[in-house]
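Single-structure report; data block below.
The values are calculated or read from the model by the stated rules, or taken from the named source; none is laboratory data. A quick note: this is a predicted structure, and the numbers were derived from the prediction, not measured. Every residue, glycine among them, receives a Cβ derived from its backbone with ideal geometry; neighbour counts consider all protein chains shown.
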Amino acid sequence: MNAINVLLERIENAKDLDFGTIFNQSIELFKKVWVQGLVTILLTMLLMMPFYLLMYVPLIASGMMDSESFNSGGQPDISVLIPFYALGAVFSFFATIIGVGLKGAFFRICKQKDFNEAKNDDYFYFFKKPYFGKTFGVGAISFGIMIGAYLLCFLPIIYAVVPISIINVIYAFNPDLSTSDIVKAGFKLGNKKWLITFGLMIVAGILASLVGFLMCFIGILATSAFAYIPLYYIYKESVGFDEKTDIDRIGTGEI
């Protein structure tokens, strides 16, 4: 049986998950990975900065910040808004790809800390040669799905956010699957565990925001990554990991 069929079978036979257990596990793991989560958020902001600045080039070039840039009624020139929104779409596209790569690396770090694995924190694992193309592909498909959901209005967006988030976790731990198989597995697990995943994402996001707000600006950055951790446990408890023994690694030449 090939890898995708094994993965889909595990998803199909996944046990029921407990909201409280996963939430408590997420809090405990966050205590171990909050620094790595902060680094992930900062790297995301840093890598997105050039695209963010590029998006505002039309506004700056046209002098839109001056009152003379507005026509009667105080509305900006449409000839400026068109390239602004076009560059905004480009910004969102690359932001999605950057997010896929960095969040995928963060999920791998979560596993390392969860299993007490002595490995380096490789934040750019999915931007390296073996996986860069696939990271781009997974990000592009995720972006396309989200755009399609936006065009279909509010409810599809609520639905799509869960499988898109799960796709990122599937990719993190199954990077050798084809892009289409990663998306297929992401939607299968997302559909099967949609309600608990959505609930955990909402509660974790609210808690991260509230605690971060109480800690001021740097606190928001430090706690933002907590919202990702329940996704790791959704995957761990639904699919699990194939842990090899040292004898297995010697036999395959890994050590």
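Below are the figures for this structure:
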{"read-out": "Complete set of residues in region 129-156 that are assigned to a loop (DSSP other than H, G, I, E, B) and either aliphatic (A, V, I, L, M) or in contact with a helix residue (DSSP H, G or I) (Cβ under 9 Å, 6 or more places away or on another chain) (or both)", "value": "Tyr131, Leu152"}
{"read-out": "Unique match (being surrounded by fewer than 18 Cβ atoms within 10 Å (Cβ to Cβ) and either at pLDDT 95 or above or assigned to a helix (DSSP H, G or I) (or both)) among Ile247, Ile255, Ile170", "value": "Ile247"}
{"read-out": "In region 1-58, residue surrounded by the most Cβ atoms within 10 Å (Cβ to Cβ) [restricted to those that are small (Gly, Ala, Ser) and farther than 15 Å from Lys236 by Cα]", "value": "Gly37"}
{"read-out": "Filter result for Phe91 (modelled with pLDDT of 95 or more and within 22 Å of Leu42 (Cα to Cα))", "value": "no"}
{"read-out": "Selection from region 85-114 of residues that are of a type outside the set (S, T, N, Q) and without any contact (Cβ under 8 Å) to a residue 40 or more places away in the chain", "value": "Tyr85, Ala86, Leu87, Gly88, Ala89, Val90, Gly101"}
{"read-out": "Selected residue (only one of Lys188, Lys193 is in contact with an Asp or Glu (Cβ under 8 Å, 6 or more places away or on another chain) and among the basic types (Lys, Arg))", "value": "Lys188"}
{"read-out": "Where Ile157 falls short, out of the listed (1) surrounded by 19 or more Cβ atoms within 10 Å (Cβ to Cβ); (2) free of Cβ contacts under 8 Å to residues at least 24 places away in the same chain; (3) in contact with a Phe, Trp or Tyr (Cβ under 8 Å, 6 or more places away or on another chain)", "value": "(1)"}
{"read-out": "Any hit, region 85-99, residues being among the aliphatic types (A, V, I, L, M) and under 22 Å from Leu7 (Cα atoms)", "value": "no"}
{"read-out": "Enumeration of residues in region 185-198 that are touching a residue at least 40 places away in the same chain (Cβ under 8 Å) and closer than 22 Å to Lys111 by Cβ", "value": "Ala185, Lys188, Leu189, Lys192, Lys193, Ile196"}
{"read-out": "Filter result for Ile196 (farther than 24 Å from Met45 by Cβ, hydrophobic (A, V, I, L, M, F, W, C), in contact with a Leu (Cβ under 9 Å, 6 or more places away or on another chain) and surrounded by 14 or more Cβ atoms within 10 Å (Cβ to Cβ))", "value": "yes"}
{"read-out": "Any hit, region 135-146, residues being surrounded by 23 or more Cβ atoms within 10 Å (Cβ to Cβ) and either in contact (Cβ under 8 Å) with a residue 60 or more places away in the chain or of a type in the set (D, E, K, R) (or both)", "value": "no"}
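Yes/no per residue for (1) part of a loop (DSSP other than H, G, I, E, B); (2) modelled with pLDDT under 85; (3) more than 23 Å from the chain's Cα centre (by Cα); (4) farther than 25 Å from Val161 by Cα:
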| site | (1), (2), (3), (4) |
| --- | --- |
| Gln36 | no, no, no, no |
| Leu47 | no, no, no, no |
| Met64 | yes, yes, yes, yes |
| Pro83 | no, yes, yes, yes |
| Ala105 | no, no, no, no |
| Lys111 | no, no, no, no |
| Ala118 | yes, no, yes, yes |
| Asp121 | yes, no, no, yes |
| Phe126 | no, no, no, no |
